[in-house]
Amino acid sequence: MRLLSAGITTLVAAFLIVPVLLSALAGVTANWFLGVSGGLTTRWLWRVWDLYAHTIGLSVWIAACCLACTLLLGVPAAYALARAEGRWPRLAEEVLTLPLAVPGLATALGLILLWGPVGGFRTHWSFVLVGHVLFTLPFMLRATLAAMKGADLVTLEEAARACGASFRQRFLGIVLPNARRGILAGSLMVLALSLGEFNTTLLLSTPFTMTLPVGLADSYASMRLEIGSAFTLLFLVLLVPPMVALQAVADRVAR
Amino acid sequence: MAAGWEGQGAAGYVAALTEPRYLAALRDTVLLSAGVAFVSVALAAVVGSFLARRRFPGRRVLVALLTLPLAFPGVVVGFMVILLAGRQGVIGGLTEALVGERVVFAYSLAGLCLGYLYFSLPRCIATVMAAAEGLDPALEEAARTLGAGPWRVARDVILPGLAPALVASGAIVFATCMGALGTAFTLAADIRVLPMVIYTEFTVATNFSVAAALSVLLGLVTWAALALARMFGGGSVAAQA
């Protein structure tokens, strides 16, 4: 039985990892049909840069703005929920995490039907940003709230207040340091999710506000396999650092 | 625009609930998502408990690599399936060398299933691993001392212990599959999954009221699945969502 589960694990691992390696390799081979023997090249990477650099730039910018928004909205909201007691805060928690159950496509449709006719908003990049914030905010909120609840803030804050600390001192000196792991994990998750968001963005974006994943879909549909692979490789280079950092944070919390 | 579609709201719901092709898309999407959820939970139960209980060199790296696809957008997953089972894919190359015939199934139902499995497995494995690490090893030892074989231990001790995590991750995978657009978009398969139907209704047919009604329907199905799993699996569903 141990052999059987080792075998299944190996197969599943191969299924998940081999395509990633293949796409990385295909992005730097001169001709995928000939394989690696046809030679390696950086030509496709430069071609992707020429064609899609603007989508990469926009995605990085939107991910940064999205992180700023979720920090500004999510951390105070988590603090308020962590301190409050009773039925209403628990209900608010439920409602705030509801967007997780709603498909991204539905969120995008709602946003377009509601805000589409409002001035130039529809064609501005901030329209995509709103979709990303709606999608990622619950993740920031959950991670931060979990860290704050684990730290027994009420007692710590009472002690600080008894010593004469102002609200500002308590928030900056007690609340934020105690929740830093949760905030960090939430931030990395928000970055990774925003960089890869497609379900909502496909509808929200316009040809002038194309993000990286929408550009990826475009390259898969209309360019040769090597260009799609090279673009995927660039995407992985952006995505892997936050994911590795997230893993490291999770490991440290577990220990 | 607002005045234009408000009047058709009810008509959109009527169309969404009565027209055979919408109902067929809903049925296909539910069956596909349920099937994928079942298979990925079954595989993750084996892989997750194996990774949680065994220690071997390179285990941490392996776990990190297995969780990386969590952040892949659906389009990238679709592309991975093309690399595996597309016209220039590995499976095609292997089968050509072995049997003399190129097997290409990326653009069929099998390809779509493979893609959904690809983004579902990491989620399930992560959840099951966390649950398996929390199991009390003493229970397993007790069962062994009482003479239970490895299969008995798996069936009567480990599986019941993992059950809440399995239910929770199954429900979440089901909900994710129901709403997944990118994979079907890249593979452009001839399977009409509901998110693709909504997308074409909205962009090609500009049929806003039907698109909106269908996405409400989609939201209700996913919400019901998560709520059901919560009833049976306890609070862990919300924590994992």
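The values are calculated or read from the model by the stated rules, or taken from the named source; none is laboratory data. What you are looking at is a predicted structure, and each value in this text was computed from that prediction instead of being measured. Ideal geometry is used to build each Cβ from the backbone, glycine not excepted, and the neighbour counts take in all protein chains shown.
Here B:L112 meets the list (1) surrounded by fewer than 24 Cβ atoms within 10 Å (Cβ to Cβ); (2) at pLDDT 85 or above; (3) in contact with a Leu (Cβ under 8 Å, 6 or more places away or on another chain) almost entirely, failing just condition (1).
Condition check for A:T29 on (1) over 23 Å from the mean Cα position of the chain (by Cα); (2) β-branched (V, I, T); (3) within 14 Å of another protein chain (Cβ to nearest Cβ); (4) surrounded by fewer than 19 Cβ atoms within 10 Å (Cβ to Cβ): one failure, at (4).
Please give the number of the condition A:V190 fails out of (1) in contact (Cβ under 8 Å) with a residue 12 or more places away in the chain; (2) at the interface with chain B (Cβ under 8 Å from one of its Cβ atoms). Answer for A:V190: the failing condition is (2).
Before we move on, is B:L117 modelled with pLDDT of 85 or more and surrounded by fewer than 18 Cβ atoms within 10 Å (Cβ to Cβ)? When the stated conditions are applied, B:L117 does not pass them. Exactly one residue among A:L172, A:L191 is surrounded by 20 or more Cβ atoms within 10 Å (Cβ to Cβ) and either within 23 Å of the chain's Cα centre (by Cα) or closer than 14 Å to A:V75 by Cβ (or both), and that residue is A:L191.
In the stretch B:125-155, the residue that is surrounded by the fewest Cβ atoms within 10 Å (Cβ to Cβ) out of those that are at pLDDT below 85 and more than 14 Å from chain A (Cβ to nearest Cβ) is B:P137. Does A:A221 meet the test of being within 15 Å of B:G74 (Cβ to Cβ), within 9 Å of another protein chain (Cβ to nearest Cβ) and out of contact with any Pro (no Cβ under 7 Å at 6 or more places or on another chain)? Answer is yes for this residue.
Hey, does the stretch B:146-163 have a residue that's at positive phi and touching a residue at least 12 places away in the same chain (Cβ under 8 Å)? No, the conditions are met nowhere in the stretch B:146-163.
Scoring B:G161 on the criteria (1) in contact with a Leu (Cβ under 7 Å, 6 or more places away or on another chain); (2) surrounded by fewer than 22 Cβ atoms within 10 Å (Cβ to Cβ); (3) part of a helix (DSSP H, G or I); (4) within 13 Å of chain A (Cβ to nearest Cβ) leaves a single failure, condition (4). Residue pairs whose Cβ atoms lie under 9 Å apart, sitting 6 or more positions apart in sequence or on different chains, and linking a residue in the stretch A:15-34 that is part of a helix (DSSP H, G or I) to a partner that is among the acidic types (D, E), are A:A26/A:E226. With respect to the conditions (1) within 26 Å of A:M189 (Cβ to Cβ); (2) of a type outside the set (A, V, I, L, M, F, W, C); (3) buried (at least 18 other Cβ atoms within 10 Å of the Cβ), A:G150 lacks only one, and its number is (3).
Among the residues making up the stretch A:224-254, those that are closer than 17 Å to A:A64 by Cα and either in contact with a strand residue (DSSP E or B) (Cβ under 6 Å, 6 or more places away or on another chain) or at the interface with another protein chain (Cβ under 10 Å from one of its Cβ atoms) (or both) are A:F235, A:L239, A:V240, A:P242, A:M243, A:L246. Can you find a residue in the stretch B:176-185 that is closer than 28 Å to B:A11 by Cα and either more than 10 Å from chain A (Cβ to nearest Cβ) or touching a strand residue (DSSP E or B) at 6+ places or on another chain (Cβ under 8 Å) (or both)? Yes, there is a match, as at least one residue in the stretch B:176-185 is closer than 28 Å to B:A11 by Cα and either more than 10 Å from chain A (Cβ to nearest Cβ) or touching a strand residue (DSSP E or B) at 6+ places or on another chain (Cβ under 8 Å) (or both).
Residues of the stretch B:229-240 include at least one that is in contact with a Gly (Cβ under 8 Å, 6 or more places away or on another chain) and in a helix (DSSP H, G or I).
Among the residues examined, B:R230 qualifies as within 22 Å of the chain's Cα centre (by Cα) and either within 12 Å of chain A (Cβ to nearest Cβ) or free of Cβ contacts under 8 Å to residues at least 24 places away in the same chain (or both). Here B:L83 fulfils each of the conditions (1) under 29 Å from B:F208 (Cα atoms); (2) crowded, with 16+ Cβ neighbours inside 10 Å apart from (1).
Put simply, of A:L45, A:L73 the only residue that is under 28 Å from the mean Cα position of the chain (by Cα), away from chain B (no Cβ under 13 Å), assigned to a helix (DSSP H, G or I) and within 26 Å of A:G215 (Cα to Cα) is A:L45.
B:L194: within 13 Å of chain A (Cβ to nearest Cβ) and surrounded by 20 or more Cβ atoms within 10 Å (Cβ to Cβ), yes or no? The answer is yes for B:L194.
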